[in-house]
1. Take the alpha-carbon centre of region 1-72, take the same for region 158-204, and report the distance between them in whole Å.
2. What is the angle, in °, between the Cα long axis of helix 47-57 and the longest principal axis of the Cα atoms in the chain? Nearest 10 is fine, range 0 to 90.
3. Between 213, 189, 308, find the one with the highest GNM mean-square fluctuation for the chain; connect C-alpha pairs within less than 10 Å.
4. Mind checking the angle between helix 100-111 and the chain's longest principal axis? C-alpha axes, 0 to 90 degrees, to the nearest 10.
5. Could you work out the relative contact order of region 6-223, using alpha carbon pairs under 8 angstrom and six or more residues apart, expressed as a whole percent?
6. Count the DSSP beta bridges whose two residues both fall in the chain, then state the antiparallel fraction as a percent rounded to the nearest 5.
7. Among rounded, prolate and oblate, which fits region 216-335 when a ≥ b ≥ c are the square roots of the eigenvalues of its C-alpha gyration tensor, a/c under 1.5 means rounded, and a/b larger than b/c means prolate?
8. How would the chain be classified by its alpha-carbon gyration tensor: rounded, prolate or oblate, with rounded meaning a/c under 1.5 and the a/b versus b/c comparison settling the rest?
């Protein structure tokens, strides 16, 4: 049987300090039947020449220049040349575990089309990994170990952008890189979810995720919190919203207010509750905040929870469960 080709898409810009380590981790993979389509997005450092040196010595590496501007355009530029049975992404500042491609393609061969291969991730940094990133890593790996990533998709991006692999035909059905929406990785996760792809469980660390001060996800405005909330609201209204039920926002902090603004802009009616005595009874955006106990008077409702405190989240979850409400049907955690 012919060995399936894997197309690896890597956009890069000014990552000369890290790109050699990234490329070495790809070249040294235990699975060797791959093509690397690596796209320069206007680098002004030595990154381009470093990649060119690798491309000159390895015919599997194809170096391109972005015909547009930004990550999405770079990915589109490269994807036009992709010939693989499978498609995956990689970040130019990260490192693959040496068996990453082998493990992921084997998972897909075993499970077949309609599946999404994943792996656990591990952050690393010269200055130490912050608590927030460590918490995200633990949460993400817990989901991946059970293959239940989409169960919490409205909380945060549940598919690590540089650690997934999928059949190219499935990827095309999801719209590939045609979407203009940022953050592009979160948007893609929702499109995988919409397409009904099933996550394949994995307990093995397959990707080493580098953190540093000027990493794109830290400094690019496309990855600001408001961008995430807008994606959440848009896909919630498309995929999960039941117009026959009363929509209720739970929480009146910064995120709750932003969700309320977005729903108002989209002419979507909602009620608003919280458990903060100082806010109950106040009007925000011409909407009166009510006690969460108001939910007892609503026969059918869906609740978007915007409360970030973990202890409070647990109490809210226990409240819903006591009232026989179902996650991802009756209530959705947005943080």
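Read-outs throughout are calculated quantities, based only on the coordinates presented, and are distinct from any laboratory measurement. Only a predicted model underlies this, so the values are computations on that prediction, with no experimental measurement involved.
1. 20 Å
2. So the helix axis and the longest Cα principal axis differ by about 50 degrees.
3. So, out of 213, 189, 308, the one fluctuating most is 213.
4. Here the helix axis deviates by roughly 70 degrees.
5. After rounding, I find 25 percent.
6. Beta bridges within the chain, antiparallel portion: roughly 20 percent.
7. Rounded shape, in that the Cα axes give a/c under 1.5.
8. prolate
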